[in-house]
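K.L.:
A single structure is presented below for examination.
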Amino acid sequence: MGNPQTAELEAALRMLPSTDDLLTAPGVQTLIPEIGRNRATMLVRVAIEELRTELADDIAGHSGRVEAYSKESLSTTALAKFARLWDLRRVSRLRKVINATGVVIHTNLGRAPLSPEATQAIIGSAGYCTLEYDLTTGRRGKRGEYLESLLTDMTGAEGALVVNNCAAAAYLVLTVFAKGGEAVVSRGELVEIGGDFRVPDVLIQSGATLKEVGTTNRTKVSDYEKAIGENTKILVRVHPSNYKIVGFTEKASLAELAQLSRRKGILLYEDAGSGALLDLVKFGLTDEPLISRSLADGADIVTFSGDKLLGGVQAGIIVGGKNLIEQIRKHPLYRALRVGKLVYAALEATVESYLREDAESSVPVLKMLGLRKERLEERTGDLVLRLQNKLSKDGTVIEMISGASVVGGGSGPDVRPETVLLAINRANVSPAEIENKLRMGATPVITRIENDKVLIDLRTVPEDEEDHLVEMLAVALS
Ligand SMILES: *Cc1c(COP(=O)(O)O)cnc(C)c1O
């Protein structure tokens, strides 16, 4: 015990609260029904461990704080650490947020919000349901049969199949039809989508060899034709989604590729990405492949996402020829990538909206994209008045400015729907501080900052969330 520092540390460590001390403290006791005893014990241990490290650092660094330590102060600090650790866990739970960013398909915020019908369908199938049960015979039924019929009705395809997401769909299609052979793709379509979906990587994972043709900006039918050899199994067309090549460009049409693939006896597969079940030109989205058109143009198989422009849940939809779909269904990989009852429930309700031809007013993604600037102006104007009435006159400036929303989800990178924004600016408070307060509120409100103003875009806020938004704004700006 020659080292005075060691002696000091040992003395301080003896004052540290024990796990049991903390677990019986009222601040922890009241939370145990919510957290559970084992988990509370784990958090308490982490808090004590953090405190132990800090003590050692303070003593080694002669911080002078050591004299202030007492059994009580250390216990208070440990409890504060425990509370902070629990808070951090609690906010990382999946939470409802108000998306005021104006990004309609916001991947970080769960992509497409569901329609009330789809939400109801999820609740309705949460318990026991007819996932693989045929009510008319009382025997085992086929999983997904009804949704598949809706998808074939909607797209004109002979067959349909649903898997976990579009990445899974592409992987599955290429594994079943191109493994051990060559897949021909244009260099202009070897893109990365959404951060971690890279077309070449998926191709290689599937066991196919990638044969690149053409150049980044120009790929002609003759380029594909020259690349097709004995071992070529499939032509792949990928919708570049979040990426657009402009200027001196040329691209073989799907119909031309279909002619070529028929002549050569190989398959034509289009990964449409988002894809559209109805023509989205009226929303300014001129580049989105319409699934029914791709099939009519001669694509043998088309894949697309369930939670992008379609406006449903995460899923990958495969449509195409009956035989091809059945080959995919029989592959063991399909069993690994199939979806559960909640996905079927939500997609059934969503595709039914399209078939009833009321998707534009019932599927939120389409409703939001279709919102006119005049309507947004009315709603934003009302919001400005309501806030001005609620807030004290303390230098908060709330105004209405014009701006642009974003489609998101990798669709229409160059399409910026005109919008009206509520802009918040406050004397002596930074926009980052306001943004943070809104984000950390009881119901998090996600906003963006531009030109030193916090912006609220009502395009992505459903009307029935407006009251809630006003409350959250009032709290954050009080
Ligand atoms: C978004 C996208 C994917 C991936 O879709 P997920 O459903 O997110 O897996 C694949 N291909 C294209 C062309 C896309 O746009």
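K.L.:
Which order do Tyr133, Tyr69 take by accessible area at a 1.4 Å probe, largest first?
P.N.:
Heavy-atom accessible area, descending, gives Tyr133, Tyr69.
K.L.:
In Å, what Kirkwood hydrodynamic radius results for the range 36-194 from the alpha-carbon pair distances?
P.N.:
22.9 Å
K.L.:
Where both residues lie in the range 67-212, what percent of DSSP beta bridges are antiparallel, nearest 5?
P.N.:
Given both bridge residues lie in the range 67-212, the antiparallel proportion sits at roughly 55 percent.
K.L.:
Which number do you get for Rg(Cα) / (2.2 N^0.38 Å) in the range 259-402?
P.N.:
Cα Rg divided by the expected 2.2 N^0.38 Å: 1.48.
K.L.:
From largest accessible area down, sort Lys393, Lys264, Lys367, Lys142; use a 1.4 Å probe on the protein chains.
P.N.:
Sorted by accessible area, descending: Lys393, Lys142, Lys367, Lys264.
K.L.:
Which value, in Å³ per residue, describes the convex hull spanned by the Cα atoms of the chain?
P.N.:
Enclosed volume per residue, from the Cα hull, is 235 Å³.
K.L.:
With each run of n ≥ 4 DSSP H residues scored as -39500 (n - 2.57), what mean residue ellipticity at 222 nm is computed for the chain after dividing by its residue count and rounding to the nearest 500 deg cm²/dmol?
P.N.:
-13000 deg cm²/dmol
K.L.:
How many Å² of accessible area per residue for the range 206-304, probe 1.4 Å?
P.N.:
Heavy-atom SASA per residue in the range 206-304 reads 44 Å².
K.L.:
Got a number for carbon plus sulfur as a percent of the chain's accessible area, 1.4 Å probe?
P.N.:
Roughly 51 percent of what the probe reaches on the chain is carbon or sulfur.
K.L.:
Follow-up question, since we're still on this one. Using Cα atoms only, what is the angle between the long axis of helix 466-476 and the major principal axis of the chain, expressed in degrees (0 to 90) to the nearest 10?
P.N.:
Once rounded, one gets 30 degrees.
K.L.:
Suppose the chain between Lys142 and Glu463 were pulled fully straight at 0.36 nm per residue; how much longer would it get relative to their current alpha carbon spacing?
P.N.:
Additional length available on full extension: 111.7 nm.
K.L.:
While we're here: Over the Cα atoms of the range 248-336, Rg to Rh with Kirkwood Rh, two decimal places?
P.N.:
1.00
K.L.:
Accessible area per residue, 1.4 Å probe, Å², for the range 332-478: what's the number?
P.N.:
Per-residue value: 47 Å².
K.L.:
Next question. Over the heavy atoms of Leu337, what accessible area does a 1.4 Å probe trace out, to the nearest 10 Å²?
P.N.:
Probe radius 1.4 Å; accessible area of Leu337 about 30 Å².
K.L.:
Over its Cα atoms, what ratio of radius of gyration to 2.2 N^0.38 Å does the range 109-150 give?
P.N.:
Relative to the rule-of-thumb radius for its length, the range 109-150 sits at 1.43.
K.L.:
Looking at the chain, which longest stretch skips every one of the GluC sites (Glu not before Pro) that is in a DSSP loop with at most 16 other Cβ atoms within 10 Å, leaving the sites themselves out?
P.N.:
Longest run free of exposed loop sites: 1-131.
The values are calculated or read from the model by the stated rules, or taken from the named source; none is laboratory data. As the structure is a computational prediction, the values presented were derived from the model and not from experiment. Every residue, glycine among them, receives a Cβ derived from its backbone with ideal geometry; neighbour counts consider all protein chains shown. Surface accessibility is based on the protein's heavy atoms, side chains included, excluding ligands, DNA and RNA. Shrake-Rupley method; radii C 1.70, N 1.55, O 1.52, S 1.80 Å.
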